[in-house]
Amino acid sequence: MAAAVSGKLPDVYRLQELAKEDLKRCLNANGFQDKDLVLDPDLMKPLDRITGGASFLKENGVDKIFKLDRNDRQTKLVGRDKRVYLVKPKINIMKIIADHISSEKSRGEKRQYRIVMVPRKLFLCEMILEQEGVMGSCDLDQVDLDLVPLDVDILSMETPEFFKSYFLNNDSTMLQTVSNSILRIQQLMGEIPNVYCLGKTGKMCYELLKLIQGESTIIPDYPRSEIGHLFLVDRGIDFVTPLCSQVVYEGLLDDMFGIQCGCVEFGPEITQKDQPVKIRLHSEDQMYEGIRNQHFTNVFELLKSKAQDLQSVSDKRKNFTKVSDMKDFVANDLRSLNKSKANLSYHIGACEQIIKKKNKGDFQEFMQTEHSLLEGTGLKENMNYIEDSINKQNNMTSNLKLLCLASLVNDGIPVKEYKTFKTQFAQSHGFEQIVTFHNLKKIGLLREQEGPSHSMPAGMAALTRNSSFKNLRKKINLIPSVETDLRRPCDMSYVFSGAYSPLSCKLIEQVLQKEGFQGMDEIKKYLPSELHCHVRLKTPGPKTNQPGRAAKVVLVYFIGGCTYSEIAALRFLGKQTGYKFIIATTSIFNTNTFLESVMEKPQV
Amino acid sequence: MSLDEPEDDYWTASSVKSSKRKVNIFDDSVTVEAASDLAKFQKSFADDVEEESIGWGDDPVSSVAMTPSKDPALSRPTPSSSIKQDSSSKQPPASSSLPRPSFQPHYTDTSVPSSSTSYMTHSRSRSDVIVGSMNKMSLVKSPSTPNPKDIRVDSEPDLTSVIGNSSKKSDSKPLSRQEQQIQFLEQQLMLAKKAIVSTQISVDETIKRIILGQSYSLEQYKSKEDKLLLLDKAIASHDGNAIIAAVIFMKRTLTDALFNLELLRRPVAVDQYLAYLKAHYNLNAYANMLEMLNRTEELAMFKYKQSVSVNDPAAKIQRVKGCLQSYFEMSPSLQHECGLLKQQVSLLERQRPVDVGDEMIEQEGKHLVFRQHPRKASIINMPVITTLFYCCIYHYEEPENYLSSPASLRKEHQLTEKQYIWTAVRARAMLRRWPDIEALFLTKGFFGSKMKSVIGFDKVASILHKADAPPEILNKYLQLVDDVDRRLEIAQKMQCHDAVIETYRNQRDRQSLQTYFSRLKPNSREWYVAQGVLNDQTVKWK
């Protein structure tokens, strides 16, 4: 462990190296030199990111790579006499593998099998393999591949299924992976002295972490730890933020094109090529780094000035008089210039698409409704707008999003309105959607207000009474009182056009200021879940950079997923306060992917 | 031995070595082993037999329950027989033609049952542990030492290490063998004595092993109290994997009544169990569990989801009806859902005949509207509003007693005026039937007829604009927007110049009209219109 330099971003790619090493061990253990690999499609992107492509697999003796098809259990795989399955520990996958093994055995094929489960072996999977009678014929292993470094400050587990599994089905199997990944970070970077759990799940993960850690004989050297603070954020503490329309560039890219494992794919309408182009989004790309966290209004201008810069570099060659200058230019600048040009044109194309989309339909009114819901104004108009949107059969997910927002900020929708919305929603989007309503109720995203059934006027009165969100809004200034300059923002609310500061990030800001929850009793009352902290290295006073203090590096772990807007807000907070933030999450989602994971699929 | 030696050779070699060593140890440690074994049996065999005799049916079973064999005669095996079984159980991997890719103790456990019956009656007792550690030894000896992580020790670590050490020494220093053995035996005896007092690994330790992915055994937890403690500790650990392992173990080793009783007291375990049943497609058990838990709504939703998973409308109608009767109707809290499900049934019952009829009409090709706007898809399984749109396209004028008439659909589903207007305007605008749209808003009042709309004429105008309505139609509706500023705003956005010009004229706002005129394309139609208004002497400008 290197001595912690306060405020320096620790190198998260060390985690990638560890994962790679472990993968290497798994592939080569027990004399598995030349083998085929059967890969779970869900693992392809993370694996690509970790290993940097198929060459790593080839170097480790993988001959053929098959994709495990979840729907087709009949496929015959031919190949070598050794085979490694690299899969997520899921019951249906185990059954497919068991089918492979037993049918190959019955055909008399001699083969050695190893099943590597990512990130760990599960009791139920072993049970299935045993029941299917293949336990003796295969060899089980697990590989520590959980957090994938997507950038210098983003670690994602890339498990979007976490949200449904934990928040809808109450299946806590994946919590251990969260705790285990923190353990590994601590093994690399030292035990994190100050831990803050926002929400019940955060506390659970922390307790599980302590259990895994066990009684350590080594006394941790807290001041030397590279990370000074750990936030375990239960997604359940803030469902509002993921439902807000994103307006920072990176968030918009995710909304429009879907960012997967830190990569975005642009189609032919942007690239003017037949094949879609895949672009890695990361901070080494200077141009992208300059725009990713910006409010969309700035992005076009920045791209324009960037384009002019490039043009002037490009024009340089017109003035060449000597051949050597030209040679120099071709050798050094040309390639990068062309690459930057292509890159720039993609982002300009993406911006055009975004603008096109926003100009269609009633985007303005939609945003207005969203903002006034957050502010708690114009309730009647908002309800009317939602009703109209449903009646018009507007996009189902955006209708649902407004309903959820209305419910979250008002502690539920009044009974009568709730019933009307539900009926009309089912009539517009199919009766199967009552299952979606049921799911959302179970999670706490959408529900009717408690108490006896109200008539309309009384219902509206109920809407205007103090809700938890309304109190939180006041207590921690979620709605900025002054207007934010979106070009030179002075407040993190810029990530939502200055209309709202993400609750999750605002809480982090507050806690970090005090290094604890002092004076937050009022706030605690209105949060849907408990707070818990364990502070072992306080850093009072302004001179926080002195040795012996906790490093000014903060790991924020979102359990259940987070959005790019929240990442942007934390990066902004980092710039404001001098803290360095590393964001870890079970997955990065946007409103659509967030809601769709728990929605009933439409029938037609 | 190098890594690339064929597996079979590897196995023969190592098993020969280990069996040799094994004879060594076992011969000497027979009594100790037997002592601890016997001690364990005396303690636990009685309930063991009883529990094993319970039929598990299709319940999930883990390693030990997989073995069908139980031979009461073997309840008290003589020490030597137990040992022999052990050593013979060691052989099969070597002699069998199946290559065994791994030599981990964990897997050996599961392969043993097929070859040795008496062995399994003990479940995972002490002798089991020895086999495990023997495996480890042979692995350690071979040059292809796997990562330490692979070796999962199935017993208290101290025991394993003792065996490992002593055997190594006895190999290298044959002269002091006797001495070594005495020492070893003494240690064994001590351990065995300790084992008699507490044969169990603590629950905490077991839970930790599950969480860490190390090998473990739950079979030692025979008493109900132990099982419950195991479950409670698992719940306290927050690890779903540990919880489900404990739950499944309890399911397997307690009567259904006891299992249910204890499970129901622990909501966290219940949820974990339900998640498992669902993932395992054990849907009947899942439904039964929900019923037992009295989670009416969840059960109803689950059943409903199942019943709408078919596409055939006739089957779907039957299923939803059945579901309504059995799961929704008797529950007062599901009254609202009940109404919606009834609507769904009635909708499907309507969609079928309409779809069949329209298909015939379309094929005949007599109806103009079907020729001009061929149906894109069947309406079956479409939502109510989509069906309404469809009916407004193809069956607009039909009287209410027709199944396919929009009016009858509206009545049946108690659609609001708003719902109806949004959809009807959209449909008729698509067909460019402007008079139909006007008729929708025309209300006869005391002083003649008046245009009135529940959704606001700005919204009507925007539907018409999307449908590419001609300017005069658009203008007509824009003029009905009361708020002048709003009217100007949307008229300009829609590029409906007539509406803008007319509004300025009505406002007598010459200045604004002048500005607007200057921005119009010279000599275009609207340019002339604006010019005409500006030159109109009859207008009294402000």
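The values are calculated or read from the model by the stated rules, or taken from the named source; none is laboratory data. The model shown is predicted, which means the values in this text are computed figures rather than measured ones. Counting neighbours? That spans all protein chains shown, and the Cβs are built from the backbone with ideal geometry, glycine included. Quick note on the areas: whole protein, heavy atoms, side chains included, nothing else; ligands and nucleic acids left out. Shrake-Rupley method; radii C 1.70, N 1.55, O 1.52, S 1.80 Å.
Can you give me the distance in nm between label points at B:Q531 and A:K316, each placed 7 Å from the Cα along the Cα-to-Cβ direction?
So the label points at B:Q531 and A:K316 sit 5.6 nm apart.
From the Cα gyration tensor of the stretch A:38-184, with a ≥ b ≥ c the square roots of its eigenvalues, which class applies: rounded if a/c is under 1.5, or else prolate if a/b is larger than b/c, or else oblate?
Values: a/c = 2.11, a/b = 1.36, b/c = 1.55.
In terms of gyration-tensor shape, oblate.
Got a sec? Which residues in the stretch A:341-357 would a label at A:Q272 touch, if it sits 7 Å along Cα→Cβ and we count backbone N under 18 Å?
In the stretch A:341-357, the label zone of A:Q272 (backbone N under 18 Å from the point 7 Å along Cα→Cβ) covers A:341-354.
For the stretch B:459-472, in order, what is each residue's ³J(HN,Hα) by Karplus, 6.51 cos²θ - 1.76 cosθ + 1.60 with θ = phi - 60°, in whole Hz (x at glycine and Pro)?
The phi angles translate into 6, 4, 4, 5, 5, 5, 4, 5, 8, 6, 5, x, x, 5 Hz.
Report, by chain and number, residues whose modeled amide H sits under 5 Å from the one on A:I559, excluding near sequence neighbours (fewer than 5 apart, same chain).
A:V233, A:D234, A:R235
Could you tally up the Lys pairs in the stretch B:267-397 with alpha carbons closer than 28 Å? Skip any pair fewer than 8 positions apart unless they're on separate chains.
Step by step, the pairs that qualify in the stretch B:267-397 add up to 17.
Please compute how much accessible surface disappears when A pairs with B, both sides summed, using a 1.4 Å probe, and round it to the nearest 100 Å². The partial results should precede the final answer.
Numbers: alone 27120 and 29510 Å², together 50260 Å².
What A and B bury together is about 6400 Å².
Taking θ as phi - 60°, what are the ³J(HN,Hα) couplings along the stretch B:317-322 by the Karplus curve (6.51, -1.76, 1.60), each to the nearest whole Hz, with x for Gly and Pro?
4, 4, 5, 5, 4, x
Give me the distance in nm between label points sitting 7 Å out from Cα along the Cα-to-Cβ direction at A:K105 and B:K540, one decimal.
Here the answer is 10.1 nm between the modelled labels.
Can you sort A:M383, B:M292, A:M174 by 1.4 Å-probe accessible area, starting with the largest? Provide the component values of the computation, followed by the final result.
Details: A:M383 15, B:M292 80, A:M174 45 Å².
Putting A:M383, B:M292, A:M174 in descending order of accessible area: B:M292, A:M174, A:M383.
Non-local amide H neighbours of A:L230 (under 5 Å, H modeled in plane, Pro and chain starts lacking H): which ones?
Amide H neighbours of A:L230, under 5 Å, 5+ apart: A:N194, A:V195, A:Y196, A:L555.
Please list B:R487, A:R14 from largest to smallest accessible area, probe radius 1.4 Å, with all protein chains kept in place. Kindly include the intermediate steps, with their values, before the conclusion.
Details: B:R487 25, A:R14 70 Å².
Correct descending sequence by accessible area is A:R14, B:R487.
Using the Karplus equation 6.51 cos²θ - 1.76 cosθ + 1.60 (θ = phi - 60°), what ³J(HN,Hα) coupling, rounded to whole Hz, does each residue of the stretch A:582-593 give in order, writing x for Gly and Pro?
10, 9, 10, 7, 6, 6, 9, 10, 10, 3, 5, 5
Can you spot the lysines whose alpha carbon is less than 25 Å from A:K316's alpha carbon? Ignore those fewer than 8 places along the same chain.
Answer for A:K316, where 25 Å is the Cα cut-off: A:K304, A:K306, A:K327, A:K339, A:K341, listed by chain and number.
Hey, which of these cross-link pairs are over 27 Å Cα-Cα: A:K88/A:K422; A:K401/B:K418; A:K357/A:K401?
Values: A:K88/A:K422 37 Å; A:K401/B:K418 21 Å; A:K357/A:K401 18 Å.
With Cα atoms farther than 27 Å apart: A:K88/A:K422.
Taking H as built 1.01 Å from N, whose amide H comes closer than 5 Å to the amide H of A:Y85, not counting residues under 5 places away?
For A:Y85, whose amide H was placed from the backbone, the distant partners under 5 Å are A:V38, A:R114, A:I115, A:V116.
Straight-line reach from A:K538: which lysines have a Cα under 22 Å away, not including same-chain ones fewer than 8 places off?
Here the lysines satisfying the reach criterion relative to A:K538 are A:K8, A:K203, A:K210, A:K506, A:K514, A:K524, A:K552, A:K575, A:K580.
Based on Cβ point charges of +1 for Lys and Arg and -1 for Asp and Glu, what charge dipole magnitude is obtained for chain A about its Cα centre, in debye rounded to the nearest 20?
Working: 81 positive and 75 negative charges, 112 e Å.
Around 540 debye, computed over chain A.
Just reorder B:T416, A:T397 by solvent-accessible area, largest first, 1.4 Å probe, all chains present.
Details: B:T416 50, A:T397 10 Å².
Heavy-atom accessible area, descending, gives B:T416, A:T397.
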